[in-house]
Structure formats: C-alpha cells, structure tokens
Amino acid sequence: MTQPAFLPVEELPRLLSLLSDQGYGLQGPILAQGAVSFGPVSQVTELARGYQDDTQPGRYRLVESPSPRYFDVCCTAQGLKPWLFQAEELLWQADADDEGLHFHPVTPSAQPTAFIGVRACDLAALARHDQHFLGGKYPDPQYRARREALLLIAVNCHRSSQSCFCQAMGTGPAIRQGYDLLLDELASGFVIQAGSARGAKLLQALALAPATAEQKTAAQHGQEQARRQQTRDMPAGDLQEILYQAQGQESQWLPVGKRCLACGNCTAVCPTCFCFRVEPHSELDGSRHRAVRLWDSCFSNQHSYIVGKIIRKAPEHKYRQWLTHKLATWHQQYGHSGCVGCGRCLVWCPAGIDLTEEAWRIAQACRHD
C-alpha cells in the first residue's frame, strides 16, 4: 500500500480523465428518479454533488448538504449487484435445423469499468458475492468476466444515515481492504491511497503531493464521526442459535407477517441476495431455444414451489426464511453473516419493516421463553 496523497477538489476531473484515457467506462453516484444510484459518468458535473440522504424505515429523501461535497450520500439505492449479477441474462442458446439442435454457449465479455463512490458495505457485499459466484469448482463465467474488468474507487463514509448499521455487522464504516483506490473527502479535496497494483499505477500517474498530517487526521476524524452517528445495533449473544430456536415458534413471526407485503423489495435492493431462477424461452416454430437467468426472491411463491405445492405461502413464513438465512444459515454456508449493514432493505420496504428491530424482538421473545 502506498502512502496517502492529496487530490485537490479542483483536480478531481483529472482522475476521471485518467480513467477514461486508460479505457475504463466510469460509473458513479448520480441523480436518477429522485434517488442517488450508480450510473454512467463522463464528467464530475454529473455526480450527485451537494446532497445527503435522509433515510428511515420506509422512507428515502434527498436533502441539500451543508457542504458541496461529491460523496455525502451514504448509500446508493443499489450496490454493485445489478452490474455484476445482472437481473436478466442469457445463459445459453440452441438453434434447431434438420440435423438437430446446435448449442451455443454464451461467451462472457465485459468492458473495463471503474466504479467511484463505493462504500464499505458495498465492498463487504462484493466479497460475499465473490465467495458465492467464484468459489468452488464451477465459478460463474459471466460474473467472473465482469469482476475481472472492475476497478474500485472506494470512499470512506464521514457521515452515517439513520438506516446505517455496518458497524454492528463488522463491515464498516471505515474501509480496510478490497479497493484499488480509496478516498477520504475533505472540504478542499481528497486524501487518496492505493490498495492494489492497479491503484498504485493510477496514483503514480496523478503525481500528487503527499497528504499532510493534518489532512490524514481530518480523514480519521471523519471516519470516527460516521461511526459515532450509527445508532442501530444487533442483539448480543448467539443470534444464530436464537433464530434456529425461533424457527418452530409460529407466534414469534406473526407480528411481522401482518405487516410484510411479500413484495420482495428487500431482496431486490439487498447487495448480497443472489437467488435466481432459470426460465426456458423457445420460438413458436421450435427454431431457437434459450435459457435465461432471472433474479428471484424468497418472497415469491415460485421460490418455494415444489411438486405442485407452495411450501411458504404466508408472509410470515417468507420473512422467516429470509431473516434466518440472512443472519443464521449464511454462517454455516460461508462463515459469516449475509447482512452487511447497509440498511437498504429497511429503507425501501414499503411497510417500513426494520431488520434490526425484528432481530431484537425475536431475541427478546426467545430469552423470555
């Protein structure tokens, strides 16, 4: 890792130009449909500068920031998932003629892409997807192609919104690894450091002055401020065992079942949810057949459809499946929780259901039994 340098705010366009000159398409936090989301960026004026996110369960608002910073919105509406694990993609195709079927596998390809504004929770979610899609004997070729083409310019959070709880999950708010370049935004510019060989080459090309002791201290104070602002927490003790214990206690899931709409918003915005289904698509004349992978959700009826029967019909059963997998059985599968504390699930839930509150409620009920 190189020593931190300082990028004056007026020189941020130089970083974007350098990325473009090296062949990277750029994605950054932009305004889109009343929210801040990752989208194509060609110049700094397209970034969502001067905004903060005001978030609570079931509520998302953008407000003007007291300072014109580029990265004052803590969490984009979506993380990196839609780009790496696409909502719909072709897996294979077969054409038919008089001689039979001819299968054509999809050849994965991806344009080199740099994401700027990636947060600690996004990097933690990416590490979990890397483990799922690239681990084992059969790595996912589409995911691998996009992952290898990805350059990550992360930003340390200097504020936390009311929905953030990455500290409780051990994933942030300070970023420790998984980035190519890391920024700490100050009023006059950015403390910048490299975390990979590619990042070090970019930093060398920028030829910046070293960050001063005062600038590095200000960056650390900003990270500490973000940590102090987080108020949501998770129950202490063995949460996995608590959730396993609650599996057969129907009454503990009824309160959330009465509120849950089973809409699947939480799984759509969750940066770690990876459920999918594969649908066949065929031309009416039988000349072409395709297999298409689509995002799925444990809140859909199809997800638990087995031999003519829907196993989990009621919303409380679907929520139980989601919460137990996210916070308990992920540990068995991957050695860590499936939640990174980004808070997107509670913000975009139309019923305002808070994952942390439900975990606390169930934990307290189990301890009183």
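The values are calculated or read from the model by the stated rules, or taken from the named source; none is laboratory data. Worth saying up front: this structure is predicted, and the values here are computed from it rather than measured. Here the Cβ positions follow ideal geometry from the backbone for every residue, glycine too, while neighbour counts run over all protein chains shown. Keep in mind that these areas ignore ligands, DNA and RNA; they rest on the heavy atoms of the full protein, side chains included. Shrake-Rupley method; radii C 1.70, N 1.55, O 1.52, S 1.80 Å.
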Report task. Taking the residues in region 296-323 that are open to solvent by 10 Å² or more (accessible area, probe 1.4 Å) and of a type in the set (S, T, N, Q) as candidates, determine which candidate is nearest to the chain's Cα centre (by Cα). Result -> S297
Report task. Could you tell me whether any residue of region 249-262 is in contact with a Cys (Cβ under 7 Å, 6 or more places away or on another chain) and among the β-branched types (V, I, T)? Result -> no
Query raised in the report: From the list E64, E46, E88, which one is within 25 Å of S161 (Cβ to Cβ), at pLDDT 95 or above and of a type in the set (D, E)?
Result: E46
Query - Answer residue from region 166-181, given it is hydrophobic (A, V, I, L, M, F, W, C) and more than 17 Å from T76 (Cβ to Cβ) and is surrounded by the most Cβ atoms within 10 Å (Cβ to Cβ) among those - result: L181
Query raised in the report: For region 43-157, which strands (runs of 3 or more DSSP E) that fit wholly inside it have 2 or more residues that are among the charged types (D, E, K, R) and either touching a Pro at 6+ places or on another chain (Cβ under 7 Å) or within 27 Å of A219 (Cβ to Cβ) (or both)?
Result: 51-56
Query raised in the report: Can you name the residue in region 91-139 that is under 25 Å from C74 (Cα atoms) and either at pLDDT below 95 or of a type in the set (D, E) (or both) and is also surrounded by the most Cβ atoms within 10 Å (Cβ to Cβ) among such residues?
Result: D122
Report summary line: Note on region 276-295: residues of a type outside the set (V, I, T), open to solvent by 30 Å² or more (accessible area, probe 1.4 Å) and over 19 Å from the mean Cα position of the chain (by Cα) are R277, E279, P280, H281, S282, E283, L284, D285, S287, R288, H289, R290
**Report entry** Cβ-Cβ under 7 Å pairs, at least 6 apart or on other chains, region 95-106 side of a type in the set (G, A, S), far side not in a strand (DSSP E or B)
**Finding:** A96/G286; A96/S287
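Give the residue that is nearest to A114 (Cα to Cα), with candidates limited to residues of region 14-70 that are of a type in the set (D, E) and open to solvent by 30 Å² or more (accessible area, probe 1.4 Å).
Going through the qualifying residues, I end up with D21.
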Query - Selected residue (criterion: farthest from the chain's Cα centre (by Cα)) from residues of region 348-369 that are open to solvent by less than 10 Å² (accessible area, probe 1.4 Å) and closer than 27 Å to I175 by Cβ - result: A359
Requested in this report: Return yes when C298 is part of a loop (DSSP other than H, G, I, E, B) and either among the hydrophobic types (A, V, I, L, M, F, W, C) or touching a His at 6+ places or on another chain (Cβ under 6 Å) (or both) and no when it is not.
Outcome: yes
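Just to check your reading of the model, which residue among Q193, Q223, Q177, Q230 is among the polar types (S, T, N, Q), touching a strand residue (DSSP E or B) at 6+ places or on another chain (Cβ under 9 Å) and closer than 30 Å to Q56 by Cα?
None of the others qualify; the one that does is Q223.
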